[in-house]
Amino acid sequence: MGKVLTGVKPTGTLTLGNYIGVLKNLASYQEDNECYIFIADLHALTLPIDPELLRKNSIDIACFYLAAGLDPKKSVLFLQSSVSEHSELAIILQNYLYMGELSRMTQFKDKASKEKEEGIGLGLFTYPVLMASDILLYDCEVVPVGEDQVQHVELCRDVANRFNKRYGKTFVVPKAEVSKVGKRIMSLSDPTKKMSKSDPKGDIYLLDDEKTIRKKIMSAVTDLGNEVKYDPENKPGISNLLTIYAALKDISIEEAEKEFVGTNYGTFKGAVADTVIAQIVPFQERYRKILESKEYEKVLREGAQKAKAQAKNTLARVQKAVGLLDVKEK
Ligand code: TYM
């Protein structure tokens, strides 16, 4: 059995990008792997967020995980903030990552460029340190993520290797795994930009109703011409819709292209809308049932206990490696 870990940050309503990039594939990992799946609530504090909204988003993500088929008997589901070892390991690990490396992270550069200097919290800068701690605490080999998070996982590999070289093998060195189709779903209003939680016009939110989903897809920005062809450079809009279609149908882009030879953009968009609705509406129904039943409370409570049992061992190993004295009762 391998070990797999991933997390989602509760900063807004999840999008079709989050669904295709990671959520939809998560359940398939739990059959053959030990999975640690969490809500990165501490990471959500790296930009200003209303406390009520943070609580609501955190519950939503727990319900989304369950609606996506994660089974608490097979996977460990928890809140990052419930396992204090994440923060404790970050305090140690921050000494093995460098200012230069952190300032080169694309996500930091993007987010920081939108803030005034005095508005950039330290947490935004040290974001990848906490993320490396999330990953390394569970000795996991595989980290399923969308393409935008690969750079952070690479940095986590670097710090794990650096640490192991200095102190002997302490960490398992993980690798990022992106889905073959759909590792980067683009905005519907500007298909040269990633679909992200903070772009109402270009997003399909996982809680959008059927009518809204159809409207957004039918009015998605497309390209000149009338051929449904995958060509991200010259036809970014059509290529993005083809990716969405192929990912949801679990087929290759080539197979998707073949289905639409000779059709026009309107017919094609209609088929994409039908496909998204056919998956998202039943997903929303499962989400609502789970939310009402409050089943997520017990799941998160028990998940935190299981996660802590593992995290504690890794943290103790690290503390020992660096020379922190253990005077706890035996
Ligand atoms: P977050 O919350 O931004 O996104 C959650 C996951 O969704 C993927 N994703 C996408 N995939 C395809 N197309 C898109 N348009 C798209 N947008 C987002 C992301 O790549 C991610 O996999 N830093 C992480 C949370 C995190 C984490 C971790 C992940 C914290 N600690 C440890 C893995 C391991 C984040 O903000 O993801």
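Just so you know, all these numbers are worked out from the coordinates, no wet-lab data involved. The structure presented is a predicted model; accordingly, all values stated were derived computationally and were not measured. Virtual Cβ from ideal backbone geometry, glycine too; neighbours counted across all protein chains shown.
Quick notes on this one:
- Just one residue in the set T192, T243 is in contact with a strand residue (DSSP E or B) (Cβ under 9 Å, 6 or more places away or on another chain), touching a residue at least 24 places away in the same chain (Cβ under 8 Å) and either assigned to a strand (DSSP E or B) or within 12 Å of the ligand (Cβ to nearest atom) (or both); that residue is T243.
- Failed item in (1) free of Cβ contacts under 8 Å to residues at least 24 places away in the same chain; (2) within 12 Å of the ligand (Cβ to nearest atom); (3) farther than 20 Å from A44 by Cβ, with D199 passing the rest: (3)
- When each of V153, V129 is tested for being under 14 Å from the mean Cα position of the chain (by Cα), buried (at least 16 other Cβ atoms within 10 Å of the Cβ) and either among the hydrophobic types (A, V, I, L, M, F, W, C) or in a helix (DSSP H, G or I) (or both), the lone residue that passes is V153.
- Any hit, the stretch 133-142, residues being in contact (Cβ under 8 Å) with a residue 24 or more places away in the chain, more than 26 Å from A309 (Cα to Cα), of a type in the set (G, A, S) and within 13 Å of the ligand (Cβ to nearest atom): no
- Helices (runs of 4 or more DSSP H) within the stretch 1-80 that include 1 or more residues closer than 23 Å to V276 by Cα, in contact with a Leu (Cβ under 7 Å, 6 or more places away or on another chain) and within 8 Å of the ligand (Cβ to nearest atom): none
- Single residue of the stretch 160-195 satisfying the filter (of a type in the set (A, V, I, L, M) and in contact with a Phe, Trp or Tyr (Cβ under 9 Å, 6 or more places away or on another chain)) that is surrounded by the most Cβ atoms within 10 Å (Cβ to Cβ): I185
- Meets criteria (of a type outside the set (F, W, Y) and closer than 26 Å to I20 by Cα) for L122: no
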